[in-house]
Every structure is written in structure tokens, then in C-alpha cells.
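Below you'll find the structure, written out as C-alpha cells, and then a few comments.
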Amino acid sequence: MSSGIRFDSVSVAYGGNVVLDSLDLTVEPGEVMALLGPSGSGKTTALRAVAGFVRPASGRVFIGDRDVTALPPHRRGIGMVVQQYALFPHMRVADNVAFGLKAQKAPRAGIAERVTEALEMVGMAAYARRYPRELSGGQQQRVAIARALAIRPGVLLLDEPLSALDAQLRSGMLAELARLHRELPDVSILYVTHDQVEALTLADRIAVMDKARLRDVGTPQDLYRRPRTEFTASFVGNANLLPVSVGAGSVTFGGAELKVPTDGVAAGVTATLCVRPHLVGLGPGPNALTGAVSEVQWRGATHRLYVEVEGHAVKADVRELRTPPALGEQVTLHFAPEDAVLLAAGVSGE
């Protein structure tokens, strides 16, 4: 099967309402690309355009080197898993997994072998004779993935596949999906999610979407450590975003002068300073900020401190404190210069 996906200026509209606007994006063969964004951002519409469930108003969709824009879903050679599993309740597990193979008119003699192979990949071979109602949510999702893999697709589409699972099951399925990716290095995976952890854990690259448009794309490490836009900084992980005035090799936040890299940002302009909460320390140090504690949250291994500095709540995630500061107490926070990123004003990902 062909692998790789390319969106060539793809737009989708419903009744004049544009829900996907001029998407240009390439998923390389064997790559896991996460489409990450809030509800209504266009990420599921993009996936459905690849699946063939929506027809672009303009632009083209390619799978491998084939233009599939006008092809029906069953001719695209894709596997798809949705958040509600969509298993047939009257069919046993093995019959559910065989459904796509039979629809493709695969040779009858080979169907049982392919079903067993797919179920073994997801650890469900022992459940082949059960009905979906006899399985847990996590087990049903594994069967849905097996059904998608049984046809040996070049492209696997995952639409919020873990959203209906509880936290523990979600963690286990993330590990399973990562393992499957290692075992299927030639399959391109397009993974739609609004969950940052899923995207950061699984994806080779993340495409960040908002308001029907692609805002940013890059590796999880690049988008997390060096975001280009305020939206990316706030949506990929958690961030302190502080308005600053830029000088030569330093910035000014309120009355404090902070030493941070200013490469590419001209002196004299207003910009936004981004620093992740886990990189903010408690106590004296470089780039010290002093303010009053407005909130303390215990999170098990860490405390999240909110400190009011110059009218802004600065977040710091610090190791669990035996005696956390009291509300209203004056404390000092600090961060290393190399841990800050300066975002130029007007860079919004448009």
C-alpha cells in the first residue's frame, strides 16, 4: 500500500463556513504526525478529508503519489480508528477484525491468518471468540486497532482514539501505540488529539492547528523548547508568557531587567517572554522575580506555585515542599537565561 500523506492547499467549507483553510502539510512515509488543537480547530476535518468522508472545496489530497481527492474511502488503502471504537456488537472479535478484509474481497484462505496476526499485534488473540460487550473499553479499542491493521494499510488514521478511556488505560494504550509504531515502521500515522501528552509522547512531528488553520509544525522537542508563537507556547505544554520590552541582550519586565537571549528580536520593541513552569526555581538566582504567593497546588511529587509579579501570575513547578509558602507570602523566583524564549510581537502563526 502507498504510504505518506500530502495536503495541497486543502480547504473544506460547510454552507460557506470554512472549517479547514488552505492546509499545506506533508506526512512522510513511516512518520507519526499528530494534529493537535482545540475543538473546532480543523484537525478532525483534515483527517476526514484523508479518509474520504469529506470532499475538499479546493485543493488536493495525496496518499503516496496517488491523488485520492475524488476516490471513495474503500479505495484509499487506509485504516481508521475512531474514539467510540465502532465495533459491530453482533459480531465476535474475529469477525469484526475480518470485516475490512471481506469488504476488500481478500482471498478467503488468508483471512483467518491475517486476523490472527492483527490480534496478536495488539495482544488480543485470546479474545477472538468474544463479543464486544464482553470486553473492557481498552480491549475494545485494541480490537478496533487490530481491525484497522488487518488490511495492512499504508496509512493509519487515529481520531481521538484514547479520549473515552480513563487515565490508567490511556497510559497503557499510549505505550501500546508506541510499540506498534516500532513494529510497523513503513505505516504513516495521522493522529488527531487535543491532548498534549499524547502528541508529545507519540508523534515524530506535531502540527498545531487553530481556527481552521495550521499555526505551527515541528518536532515535539522544538515546539516545546523553542515555540515560535504564543499559541504554540500555550497549547503545547504549559507556559509563562510575560510582556517585556527588548533591549540589547536583555529585556525589561515591569521594573526588573532580565538577561535572556534576544537573537532575532530588535531592540526597542515589545515582545513576549516564554518560560516553562518546571524551569522556574524557588529562591534567589539569575533573573530573579519577587512577588506574593496567590495560590499553592499540591500535585504529588511537585507543588505548583502561583506568584503575582507586576500584575501577572507567574507559575513555578517545584519539588514537593515540606513547608510550602503561605498565601500572600513574599517569595523570589528565578530562571536561567537559556531556559527562556523570546517571542516577537505579531508572530501568531497566521
Original post:
Charges only on Cβ, +1 for Lys and Arg, -1 for Asp and Glu: so what's the dipole of the chain about the Cα centre, in debye to the nearest 20?
Top reply: 1440
Original post:
Cα axis of helix 137-150 to longest principal axis of the chain: angle in degrees, 0 to 90, nearest 10?
Top reply: 60
Original post:
If you line up the long axis of helix 93-103 against the longest principal axis of the chain, both from Cα atoms, how many degrees apart are they, to the nearest 10?
Top reply: 70
Subject >> Neighbourhood charge, 14 Å Cβ-Cβ cut-off, centred on residue 101 and excluding it, Lys, Arg +1 and Asp, Glu -1 >> reply: +3
Original post:
Which one of 186, 210, 67 has the biggest mean-square fluctuation once the chain is modelled by GNM with Cα springs under 10 Å?
Top reply: 67
Original post:
Per-residue HN-Hα couplings for region 115-125, Karplus 6.51 cos²θ - 1.76 cosθ + 1.60 at θ = phi - 60°, whole Hz, x for Gly and Pro?
Top reply: 5, 4, 4, 5, 5, 5, 4, 9, x, 10, 4
**OP:** Give, as a single signed number, the net charge of other residues whose beta carbon lies under 14 Å from the beta carbon of residue 20, with Lys and Arg counted +1 and Asp and Glu -1.
**Re:** +3
Original post:
Ratio of Rg to Rh for region 254-350, alpha carbon only, Kirkwood?
Top reply: 1.01
Subject >> Relative contact order (%) - region 238-344, alpha-carbon pairs under 8 angstrom, separation at least six >> reply: 32
Subject >> Listed candidates [x] 40, 21, 20; [y] 30, 22, 20; [z] 45, 25, 15 - label of the one calculated as semi-axes √(5λ) of the Cα gyration tensor in Å >> reply: [z]
Original post:
Each residue of region 53-64 in order: what ³J(HN,Hα) in whole Hz does its phi give by Karplus 6.51 cos²θ - 1.76 cosθ + 1.60, θ = phi - 60°, with x for Gly and Pro?
Top reply: 7, 10, 9, x, 6, 7, x, 9, 10, 10, 10, x
**OP:** For every other residue with a beta carbon closer than 15 angstrom to the beta carbon of residue 91, add +1 if it is Lys or Arg and -1 if Asp or Glu, then tell me the sum.
**Re:** +4
Subject >> Table column - 3J(HN,Hα) (Hz), region 17-29, Karplus curve with 6.51, -1.76, 1.60, x for Gly and Pro >> reply: 8, 6, 10, 8, 10, 6, 7, 10, 7, 10, 9, 6, x
Original post:
Where Rh denotes the Kirkwood radius from the mean inverse Cα pair distance, what is Rg over Rh for region 118-212?
Top reply: 0.96
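Read-outs throughout are calculated quantities, based only on the coordinates presented, and are distinct from any laboratory measurement. Because the structure is predicted, anything quoted here is derived from the model rather than measured. A quick note on method: Cβ atoms are made from the backbone with ideal geometry, for glycine too, and the neighbour counts reach across all protein chains shown.
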